[in-house]
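Q: I have a structure here, written as structure tokens, and I will follow up with some questions on it.
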Amino acid sequence: MLDLDNTVADREASFAAWLAEFKEEHGLPRDACDWIVDVDNDGYADRVEVFQAIRDRLELDPSVEQLLAKYQARVVELARPTPGALACLRQMRNRAWTLALVTNGSSGQQQGKIDVLGIRHLFDVVCVSAEVGVKKPLPEIFEMAADQAGHPLSDSWMVGDSPLNDIGGGQRLGMKTAWLSRGRRWPEGESPPSVSISSLKDLVPAIDRDR
């Protein structure tokens, strides 16, 4: 099982590209962009609240709904894979591994990114939280993905960048876990993942070493 945003899809890069366009469109100063990055909280902040805050602070004319709709359409168009992601997915497919994409988010956003990235054919299962009614790290979303894939959780890996949603969620179900560190340190006091990697190009070798 693999996460989408900032694991398979480079959400950080897509957001930066959108923000550069947004800055140009509205003539924003650099410190406003830094503030937007903070408010965004790496994608974990509520989108409506983010754009309400942006509109209020920057005194923009478009409504929150207009700003949000334009953002949602554009970040899908700007979707791109993380370095090494496509090669990693193809390598795993060549090994006949069963792959499930397990992601939090809205159906339109996540399914749109999958299509823009051109990766749908590489996955046996796609499990989007808005479509199944439950989010990571709750166990039900992992259980649904495993049921659809026809594999027990005890025989599965969870790969992702979130210590809480991906690694913690998988660990609680007895899965092995691979954390995509993105240059970060593992949080102190948290149970460490089975393996840590800096890029998806390192995933298959890391899993092989762990066996």
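The values are calculated or read from the model by the stated rules, or taken from the named source; none is laboratory data. Being a predicted model, the structure only gives us computed values, none of them experimental. Using ideal geometry, Cβ is built from the backbone for each residue, glycine included, and neighbour counts are taken over all protein chains shown. Note: areas computed on protein heavy atoms with side chains; ligands, DNA, RNA excluded. Shrake-Rupley method; radii C 1.70, N 1.55, O 1.52, S 1.80 Å.
Q: Just to be sure before I move on: is K176 at pLDDT 95 or above, crowded, with 18+ Cβ neighbours inside 10 Å and over 26 Å from Q109 (Cα atoms) in the structure I sent?
A: Judged against the criteria, K176 is a match.
The rows are residues; the columns are (1) farther than 15 Å from A206 by Cβ; (2) hydroxyl-bearing (S, T, Y).
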{"residue": "L153", "(1), (2)": "yes, no"}
{"residue": "M158", "(1), (2)": "no, no"}
{"residue": "S162", "(1), (2)": "yes, yes"}
{"residue": "I167", "(1), (2)": "no, no"}
{"residue": "G183", "(1), (2)": "yes, no"}
{"residue": "P193", "(1), (2)": "no, no"}
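Q: Quick one: which residue in I167, I207 is within 16 Å of V102 (Cα to Cα) and in a helix (DSSP H, G or I)?
A: Working: I207 fails: within 16 Å of V102 (Cα to Cα).
Only one candidate passes the filter, namely I167.
Q: Could you tell me which residue of segment 105-128 is nearest to C88 (Cα to Cα), considering only residues that are hydrophobic (A, V, I, L, M, F, W, C) and open to solvent by 10 Å² or more (accessible area, probe 1.4 Å)? Lay out the reasoning, then the answer.
A: Kept after step one, since they are hydrophobic (A, V, I, L, M, F, W, C), are these residues of segment 105-128: 114, 116-117, 119, 122-123, 125-128.
Next, from what is left, pick out any that are open to solvent by 10 Å² or more (accessible area, probe 1.4 Å): 116-117, 122-123, 126.
On the way: V116: 18, L117: 14, L122: 10, F123: 12, V126: 17 Å.
Going through the qualifying residues, I end up with L122.
Q: Can you name the number of the only condition in (1) hydrophobic (A, V, I, L, M, F, W, C); (2) open to solvent by 60 Å² or more (accessible area, probe 1.4 Å); (3) touching a residue at least 60 places away in the same chain (Cβ under 8 Å) that A96 fails?
A: Of (1) hydrophobic (A, V, I, L, M, F, W, C); (2) open to solvent by 60 Å² or more (accessible area, probe 1.4 Å); (3) touching a residue at least 60 places away in the same chain (Cβ under 8 Å), only one is false for A96: (3).
Q: For segment 187-211, which positions are more than 18 Å from A87 (Cα to Cα), open to solvent by 60 Å² or more (accessible area, probe 1.4 Å) and of a type outside the set (S, T, N, Q)? Reasoning before the result, please.
A: First, pick out the residues of segment 187-211 that are more than 18 Å from A87 (Cα to Cα): 187-196, 209-211.
If we keep only those that are open to solvent by 60 Å² or more (accessible area, probe 1.4 Å) too, we end up with 188-192, 196, 209, 211.
Residues satisfying the conditions are E188, G189, E190, P192, R209, R211.
Q: Tell me which residues, restricted to segment 4-37, are part of a loop (DSSP other than H, G, I, E, B) and out of contact with any Asp or Glu (no Cβ under 9 Å at 6 or more places or on another chain).
A: Residues of segment 4-37 that are part of a loop (DSSP other than H, G, I, E, B), as a first pass: 4, 6-8, 10, 27-29.
Residues satisfying the conditions are L4, V8, D10, G27, L28, P29.
Q: Out of all the residues in segment 152-163, is one or more among the polar types (S, T, N, Q) and either in a helix (DSSP H, G or I) or touching an Asp or Glu at 6+ places or on another chain (Cβ under 9 Å) (or both)?
A: At the first step, the residues of segment 152-163 found to be among the polar types (S, T, N, Q) are 154, 156, 162.
Those still in the list that are either in a helix (DSSP H, G or I) or touching an Asp or Glu at 6+ places or on another chain (Cβ under 9 Å) (or both) too: 154, 162.
Yes, that holds for at least one residue.
Q: Now for a different question. Give me the pairs, please: first residue somewhere in segment 29-56 and free of Cβ contacts under 8 Å to residues at least 40 places away in the same chain, second residue anywhere and polar (S, T, N, Q) and open to solvent by less than 30 Å² (accessible area, probe 1.4 Å), beta-carbon distance under 8 Å, and either six or more positions apart or on two chains.
A: Within 8 Å, the pairs are D42/N6; G43/N6.
Q: Name the single residue, out of those in segment 7-30 being over 30 Å from L101 (Cβ atoms) and not acidic (D, E), that is surrounded by the most Cβ atoms within 10 Å (Cβ to Cβ). Break it down into steps so the answer makes sense when it comes.
A: As a first pass, look at segment 7-30 and keep what is over 30 Å from L101 (Cβ atoms): 23-30.
Checking which are not acidic (D, E) leaves us with 23, 26-30.
Values: K23: 15, H26: 14, G27: 8, L28: 17, P29: 10, R30: 8.
Among them, the one singled out is L28.
Q: A follow-up question, please. Here is a list of conditions, (1) exposed (fewer than 13 other Cβ atoms within 10 Å of the Cβ); (2) more than 17 Å from the chain's Cα centre (by Cα); (3) not acidic (D, E), and G183 meets all of them except one; can you say which number that is?
A: That leaves (2) as the condition not met.
Q: Take P193 and decide whether it is in contact (Cβ under 8 Å) with a residue 24 or more places away in the chain, more than 18 Å from the chain's Cα centre (by Cα) and not in a helix (DSSP H, G or I).
A: Working: in contact (Cβ under 8 Å) with a residue 24 or more places away in the chain: yes; more than 18 Å from the chain's Cα centre (by Cα): no; not in a helix (DSSP H, G or I): yes.
It is false that P193 is in contact (Cβ under 8 Å) with a residue 24 or more places away in the chain, more than 18 Å from the chain's Cα centre (by Cα) and not in a helix (DSSP H, G or I).
Q: Of the residues L101, L78, only one is of a type outside the set (S, T, Y), under 15 Å from the mean Cα position of the chain (by Cα), crowded, with 17+ Cβ neighbours inside 10 Å and more than 24 Å from K136 (Cα to Cα); which? Talk me through it step by step, then tell me what you get.
A: Details: L101 fails: more than 24 Å from K136 (Cα to Cα).
One residue alone meets the criteria, L78.
Q: So the check is Cβ under 7 Å with 6+ separation or different chains; which pairs have a first residue in segment 68-89 that's on the phi > 0 side of the Ramachandran plot and a second one that's open to solvent by 20 Å² or more (accessible area, probe 1.4 Å)?
A: Correct list of pairs: G84/K201.
Q: Oh, and also: Of all residues in segment 48-74, which are outside any helix (DSSP H, G or I) and surrounded by fewer than 13 Cβ atoms within 10 Å (Cβ to Cβ)?
A: Step one: filter segment 48-74 for residues outside any helix (DSSP H, G or I), giving 59-63.
Of everything in segment 48-74, those that are outside any helix (DSSP H, G or I) and surrounded by fewer than 13 Cβ atoms within 10 Å (Cβ to Cβ) turn out to be E59, D61, S63.
Q: Given (1) surrounded by 15 or more Cβ atoms within 10 Å (Cβ to Cβ); (2) outside any helix (DSSP H, G or I); (3) among the acidic types (D, E), where does D40 come up short, assuming only one miss?
A: Among (1) surrounded by 15 or more Cβ atoms within 10 Å (Cβ to Cβ); (2) outside any helix (DSSP H, G or I); (3) among the acidic types (D, E), D40 violates only (2).
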